[in-house]
1. Hey, what does the equivalent ellipsoid look like for region 133-194, semi-axes from the Cα gyration tensor as sqrt of 5 times each eigenvalue, largest first, whole Å?
2. Order 166-176, 213-223, 77-87 from most to least packed using the mean count of other Cβ atoms within 10 Å.
3. Would you mind ranking Met89, Met72 so that the residue whose beta carbon has the fewest other beta carbons within 10 Å leads the list?
4. For Met72 and Leu157, what does the FRET efficiency come to when R0 = 22 Å and r is the distance between their Cβ atoms, rounded to the nearest 0.05?
5. Fewest Cβ neighbours within 10 Å first, please rank Leu34, Leu142, Leu126 accordingly.
6. Do me a favour and compute the ellipsoid semi-axes for region 173-232 from its Cα gyration tensor, root of five times each eigenvalue, largest one first, whole Å.
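Laboratory data are not the source of any read-out in this text; all were calculated from the coordinates shown. Only a predicted model underlies this, so the values are computations on that prediction, with no experimental measurement involved. Reconstructed Cβ throughout: ideal geometry from the backbone, glycine too, with neighbour counts over all protein chains shown.
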Amino acid sequence: VRKRIRQLKDFITVTPDWINYALIDDITDSFAPLIQQIELEVDSIDDLVLLLRESEQSDMLRRIGHCRKKVMQLLRLLSTKADVVKGLMKRFEVANEMGLEAGAGVGGSSAPINAHKRAMHHNVALYLGDIQDHIVTMVQNLNHYETILARSHSNYLAQISIELTQTSSVTNDVVGRLTVFATVIVPMNLVTGLFGMNVKVPGRDQDDLVWFFWILGVFAMFAVVGFAIAKRSALV
């Protein structure tokens, strides 16, 4: 502010009202780099949220949450400032109207001074109007960024849900294949287990391998039929 006063001291009359405007304008301009940084981050998130591979998405939710936190903090700081500036503008307008009424009833040498004060109030009110427009624009931009981040957040969660559904589908497919395999193998295991027990089995008292090969053939046929039925039923 002091630098602006030194630069403009030959062109303007520095008054407390102008210093007040300069301070508000400097504070308002200090938000511009933050909003520009948020804009770049929002554009990056919006472009990458649907393009990143699964291994690169670990910090996307953290980036979205951190950026939304900064947006909400700036909205909290700026959302009410437009009304504050509007109140100051109204104050200058009232002071200007009072100056007009006073100037109408007072003549002489004080008339040029009152006219100069009214002109300064009018100029400061115009400057404050520019600040108000700037604040309103920043608030609108922040609301737009919040909308983009909310959409990116929803898209990210939807993508995660789709990936989980795909993983679950693959797992269910593997479990289904294992179930079919177990359905075919378990009866065979039961039958072969009988030969290791003290029970009567076909061909136990015979010395040849006819029954053995017949049992193997039945097992093979059972396996082929079981896998054929599973294949036809799209289970494998």
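1. 59, 6, 4
2. Order by mean packing, descending: 77-87, 213-223, 166-176.
3. With the sparsest Cβ surroundings first, the list reads Met72, Met89.
4. Result of the calculation: an efficiency of 0.70.
5. Result, fewest neighbours first: Leu126, Leu34, Leu142.
6. Rounded to whole Å, the semi-axes are 28, 14, 6.
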